[in-house]
Amino acid sequence: MKRFLLKLFYFLFPLGLLAFTVDYCMTDTLEKSDFPRFRRWYELTRQINADILITGSSRASFHVDPYILDSILRKNTFNIGISGGPYEISEVAYRIYKKHNHKKIELILCNVDFLWFGNYAFPCSKVDYAPFYHDPSFKTIVETMNLSPTEKYIPAVRYGGQTDLLKKAFGIGIKWEDELIARKAVWKKGAFLVDEVNKPLSLMSSSMSFQRGEERIKRFTYFLDECKDDSVQVILFKSPIHPSAYKKLINIESSFLLIDSIAEVYRLNVLDYTDYLIEDTSCFFDPVHLNYKGAELFSTRLAHDVDSLLK
């Protein structure tokens, strides 16, 4: 029996060591790659030390060019908008930013809308978060994924079957930079600006009716309390929505009323741009996202309005 266990150890130990090495190398490479789903998080770990943060869903990331705000407000601005929908994902981004950046934030501009506060199920993709399964910062996201014990605890298993992702991340075949060029997209201090026009609304395959997500609302109010304690000014803003999107977004007016009620309780300014640019379809990537042209116009308008509030 002892000899059998010894042979088993000699057999499993090299395999375990190989799996651990592969897992470590893959995780480190993916976290620092230019692939967007990972680059977004890696950027937040760098020394940014912004005066102003832009936060929200993909609508924040697509819509606000920090360089334009820098030029008008004379401050260092960074966009931490995260694609994926609900508030808790944006909260993770904010926590990671604060963990690695210790300069006091002067102002946070929150792009608030139906996706942040609705009672929707947004299953997070295992592919999107595979490198972060063991990172405590991502605990609230990972807990929603129903990972198997093997995916969580056995090295390299989390990357099983993801050959296309790994090829792209390691620069084998089509690189992410090539896709950026093909889509005429650019990164600008956290913002993801796309120069495509009039794509169909792929955000929802069916109609979405807004229902209050009480837990998400509660988490956001805790965030506002924290900002108040830290003397960080918060301004809320609602981004443009093309009228064609309202066919998919049922009861969206209730989300607007909710945002206004939160702002009233916390005495926050709300900048409403839901009707801005809606007559010019050339400014939209899809009905709920602006393209590069729209983002430049919107960022200029937002910066001037914020500047007026700060004076």
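Pick from the stretch 210-234 the residues that are more than 20 Å from the chain's Cα centre (by Cα) and in a helix (DSSP H, G or I): which of them is surrounded by the fewest Cβ atoms within 10 Å (Cβ to Cβ)? Checked the stretch 210-234; the qualifying residue surrounded by the fewest Cβ atoms within 10 Å (Cβ to Cβ) is D229.
The residues of the stretch 267-283 that are hydroxyl-bearing (S, T, Y) and over 20 Å from S308 (Cβ atoms), listed by number, are T281, S282.
Residue-wise test of (1) outside any helix (DSSP H, G or I); (2) of a type outside the set (A, V, I, L, M, F, W, C).
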position	(1), (2)
F62	no, no
L69	no, no
E88	no, yes
Y94	no, yes
K98	no, yes
I105	yes, no
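Screening the stretch 102-127 for residues that are open to solvent by 50 Å² or more (accessible area, probe 1.4 Å) and within 15 Å of the chain's Cα centre (by Cα) and picking the one that is modelled with the highest pLDDT gives F122. Taken together, Y133, Y97 contain a single residue that is free of Cβ contacts under 8 Å to residues at least 60 places away in the same chain, touching a Leu at 6+ places or on another chain (Cβ under 9 Å) and either open to solvent by 30 Å² or more (accessible area, probe 1.4 Å) or within 17 Å of W187 (Cβ to Cβ) (or both), which is Y97. Note on the stretch 293-307: residues that are out of contact with any Ser or Thr (no Cβ under 8 Å at 6 or more places or on another chain) and surrounded by fewer than 20 Cβ atoms within 10 Å (Cβ to Cβ) total 7.
The values are calculated or read from the model by the stated rules, or taken from the named source; none is laboratory data. Everything quoted here is computed from the prediction, not taken from an experiment. Positions of Cβ are generated from backbone atoms using ideal geometry, with glycine treated the same way; all protein chains shown enter the neighbour counts. All accessible areas refer to the heavy atoms of the entire protein, side chains included, with ligands and DNA or RNA removed. Shrake-Rupley method; radii C 1.70, N 1.55, O 1.52, S 1.80 Å.
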